[in-house]
Amino acid sequence: VFLLVLPAAASAHAGLISSEPGRRAVLSIAPKQIRLCFNENVEAGFSKVLLDDGAGKAVALPPPARDRANSSCLIVPLPALANGNYTVKYKVLSVDGHIVEYGYGFRIQAVGALND
């Protein structure tokens, strides 16, 4: 029985189930925050969320905080962002001790440029 339980336990870790802005999103208005929601609770104090601009330059961000409405979500307020490509990178520690690292991109593009 132990061998049957071990693979399921070994594969359990926090998986991203939703994000704002979304993966590959093209936005006409800059977002005010990054919101990452996982399939299990994560430790905000041991998690990192980074944002790079299109040139690979890091955007200064405060540490992520747990969403008060949903403890499996992290929120990071954003400064004013210019048009361009951005990459969100995150490293989270789930409450079961697993570390997950991943990233995705989104774009901010002026409304008139969306049809170009």
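Here are some notes:
- Spin-label pair A69-A55: with each label point 7 Å from Cα along the Cα-Cβ axis, the two points sit 3.6 nm from one another.
- Largest accessible area first, the listed residues H98, H13 line up as H13, H98 when surface is computed with a 1.4 Å probe on the assembled protein chains.
The values are calculated or read from the model by the stated rules, or taken from the named source; none is laboratory data. As the structure is a computational prediction, the values presented were derived from the model and not from experiment. When we count neighbours, we look across all protein chains shown, and the Cβ atoms used for this are built from the backbone with ideal geometry, even at glycine. Calculation scope for accessible area: heavy atoms of the full protein, side chains included, ligands and nucleic acids excluded. Shrake-Rupley method; radii C 1.70, N 1.55, O 1.52, S 1.80 Å.
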